[in-house]
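In what follows, a single structure is set out as structure tokens and then discussed.
The values are calculated or read from the model by the stated rules, or taken from the named source; none is laboratory data. Quantities reported herein were computed from a predicted structural model and do not represent experimental measurements. Ideal geometry is used to build each Cβ from the backbone, glycine not excepted, and the neighbour counts take in all protein chains shown. Surface areas here come from the heavy atoms of the whole protein model, side chains and all, with no ligands, DNA or RNA. Shrake-Rupley method; radii C 1.70, N 1.55, O 1.52, S 1.80 Å.
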Amino acid sequence: MLMVVLAFAAVGLVARESGAAETKVVYHENWIIAGEHVGDFAALELGFFREEGLNVEINRGFGAVDTLKLVATGRIHFGRSVALSVILGRPTGIRARMVKMMMHKSPYGLAYIQGRGIRNPKDLEGKKIAIPAASSVLQLWPAFAQVAGVDRAKVQILNMDPGGLPASVAAGSVDASDSWLTSLPAFEDAAQKVGQKAAIFLWAEYGLKEIYGSAVVASDETIATQPDLVRRFVRAVSRGHAWAIEHPKAAIDHFMKRNPDRNRQLVERQWRYTVDLSFDGLSEKQGLGVMDVPKLRGLIDLVQKYLELKGKVTAEEIATNGFVQDLPAGVRFPKRVEF
């Protein structure tokens, strides 16, 4: 591990001594900045981007679908989206690919309040569910409804701002809400304020298990014309992700320094879920960030089966491992530290 650190330090030293101007990079997260993004801010605060000659601006996103479109059209350099959105977007002309997987396990779910008539997915019929229009959860909703036996015609879907979802569910304005597992702590806190308990239907428990979560995406054009830029960015992000897994408390310190308005306890709980979602059996063998081609093909098959995929899509069109497979072992295989 020491050799890896020294090697990266040497790269940064060369970049600084060369006097070369830093490359400005705009990076959008998938949604509101939260505990899921601790690793990105660790990379920023620790200078991992700077050591790669990058001046990175991290902004909140407005949904995986929106971020993907911004990347594909060249309005931003990189972003966090999801495999599902990349697959559905490809036949419609959205030319972007995943260059690093962040969540190897599926985070998808719906949050609700216990004791209000919802015990299983079938109970969602006749209820109101809040799912923002640019959310990949909305894209996957038809598949979940089908495998869980929910009549979609009997469910009212409302488009709401993600920031207000936990409070809306707690107050009963809606009965359930779009919620990745990483968002569950916010619903738990909102429910506790009104003397209730929040729960979640994890879609992986209803037949939608082999679905990747968030990933770093870049446009086909950027990958083709600026591969070195992609390589440097992915290297810095990967270092931040791995460092935060191995130094969770310090990483959260760095996150809070950049985002002082966030609730630290909430961020800690969100990061715990994020770390768990970062690992699965495949990532532990292949390394963090590496996308398994058979798993990608299985997800494409699932999309073709349950959703309206408008054309043929291959795994090679939606993802490349070329920027992660040669990362140092210490970055691909970090040691999980409990906190």
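Which residue, of L208, L138, is touching a residue at least 12 places away in the same chain (Cβ under 8 Å), open to solvent by 10 Å² or more (accessible area, probe 1.4 Å) and not hydroxyl-bearing (S, T, Y)?
L138
Per-residue answers, yes or no, for (1) within 19 Å of K100 (Cβ to Cβ); (2) open to solvent by 20 Å² or more (accessible area, probe 1.4 Å):
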site: A218; (1), (2): yes, no
site: A244; (1), (2): yes, no
site: H247; (1), (2): no, yes
site: I252; (1), (2): no, no
site: N263; (1), (2): no, yes
site: L282; (1), (2): yes, yes
site: P294; (1), (2): yes, yes
site: V303; (1), (2): no, no
site: Y306; (1), (2): no, yes
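Quick one: count up the residues across region 287-315 that are without any contact (Cβ under 8 Å) to a residue 40 or more places away in the chain and hydrophobic (A, V, I, L, M, F, W, C).
Residues in region 287-315 being without any contact (Cβ under 8 Å) to a residue 40 or more places away in the chain and hydrophobic (A, V, I, L, M, F, W, C): 2 in total.
Taking only pairs six or more apart or across chains, which ones have beta-carbon atoms under 9 Å, a first residue in region 269-286 that is under 17 Å from E246 (Cβ atoms) and touching a residue at least 40 places away in the same chain (Cβ under 8 Å), and a second residue that is part of a helix (DSSP H, G or I) and among the basic types (K, R)?
S283/R332
Return a yes/no flag: does region 96-108 have any residue that is charged (D, E, K, R), assigned to a loop (DSSP other than H, G, I, E, B) and more than 14 Å from D220 (Cβ to Cβ). Break it down stepwise before answering.
First, pick out the residues of region 96-108 that are charged (D, E, K, R): 97, 100, 105.
Within this subset, residues satisfying the condition of being assigned to a loop (DSSP other than H, G, I, E, B) are 105.
Checking which are more than 14 Å from D220 (Cβ to Cβ) leaves us with 105.
Yes, because at least one residue in region 96-108 is charged (D, E, K, R), assigned to a loop (DSSP other than H, G, I, E, B) and more than 14 Å from D220 (Cβ to Cβ).
Kindly indicate the residue of region 21-68 that is small (G, A, S) and under 19 Å from the mean Cα position of the chain (by Cα) and also most open to solvent (accessible area, probe 1.4 Å) among those meeting that condition. Steps first, answer last, please.
To start, the set of residues in region 21-68 that are small (G, A, S) comprises 21, 34-35, 39, 42-43, 47, 53, 61, 63-64.
With the extra rule that they be under 19 Å from the mean Cα position of the chain (by Cα), the set shrinks to 34-35, 39, 42-43, 61, 63-64.
On the way: A34: 24, G35: 0, G39: 4, A42: 0, A43: 0, G61: 1, G63: 0, A64: 5 Å².
Here the residue is A34.
Being in contact (Cβ under 8 Å) with a residue 40 or more places away in the chain and among the β-branched types (V, I, T) is the filter here; which residues of region 182-200 pass it?
Result: T182, I200.
Could you please give the count of residues in region 316-334 that are open to solvent by 70 Å² or more (accessible area, probe 1.4 Å) and either among the hydroxyl-bearing types (S, T, Y) or at pLDDT below 95 (or both)? Can you show your working first?
Pass one, region 316-334, residues open to solvent by 70 Å² or more (accessible area, probe 1.4 Å): 316, 325-326, 333.
Filter once more, keeping what is either among the hydroxyl-bearing types (S, T, Y) or at pLDDT below 95 (or both): 325-326.
Final tally of qualifying residues: 2.
I need every pair where a residue in region 156-181 that is surrounded by 16 or more Cβ atoms within 10 Å (Cβ to Cβ) has its Cβ under 8 Å from the Cβ of a residue that is aromatic (F, W, Y) and part of a helix (DSSP H, G or I), sequence separation at least 6 or different chains.
Close Cβ pairs satisfying both conditions: L165/F187; P166/F187; V169/F187; A170/F187; S177/F187; S179/F187; L181/Y273.
Being open to solvent by less than 10 Å² (accessible area, probe 1.4 Å) and without any contact (Cβ under 8 Å) to a residue 60 or more places away in the chain is the filter here, so list the residues in region 123-135 that pass it. First the steps, then the outcome.
First, pick out the residues of region 123-135 that are open to solvent by less than 10 Å² (accessible area, probe 1.4 Å): 124, 129-132, 135.
Across region 123-135, the qualifying residues are L124, I129, A130, I131.
All but one of (1) among the aliphatic types (A, V, I, L, M); (2) open to solvent by less than 30 Å² (accessible area, probe 1.4 Å); (3) not in a strand (DSSP E or B) hold for A111; which doesn't?
It fails just one condition, (3).
Looking at (1) within 26 Å of G207 (Cα to Cα); (2) part of a helix (DSSP H, G or I); (3) of a type outside the set (D, E), find the lone condition where T67 falls short.
Here T67 clears every test but (1).
For region 316-339, give me each residue that is more than 30 Å from P248 (Cβ to Cβ) and either assigned to a loop (DSSP other than H, G, I, E, B) or without any contact (Cβ under 8 Å) to a residue 24 or more places away in the chain (or both). Show your work before the answer.
Within region 316-339, the first condition is being more than 30 Å from P248 (Cβ to Cβ), and the residues that meet it are 316-318.
Within region 316-339, just E316 meets the criteria.
Matching residues to (1) in contact with a helix residue (DSSP H, G or I) (Cβ under 9 Å, 6 or more places away or on another chain); (2) within 22 Å of L302 (Cβ to Cβ); (3) in a loop (DSSP other than H, G, I, E, B):
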position: R50; (1), (2), (3): yes, no, no
position: I76; (1), (2), (3): yes, no, yes
position: L84; (1), (2), (3): yes, yes, no
position: I87; (1), (2), (3): yes, yes, no
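Being farther than 30 Å from L54 by Cα and either at pLDDT below 95 or out of contact with any strand residue (DSSP E or B) (no Cβ under 8 Å at 6 or more places or on another chain) (or both) narrows it down to one residue among L110, L124, L140; which is it? Please lay out each step first, then the result.
Working: L110 fails: either at pLDDT below 95 or out of contact with any strand residue (DSSP E or B) (no Cβ under 8 Å at 6 or more places or on another chain) (or both); L124 fails: either at pLDDT below 95 or out of contact with any strand residue (DSSP E or B) (no Cβ under 8 Å at 6 or more places or on another chain) (or both).
When all the criteria are applied, what remains is L140.
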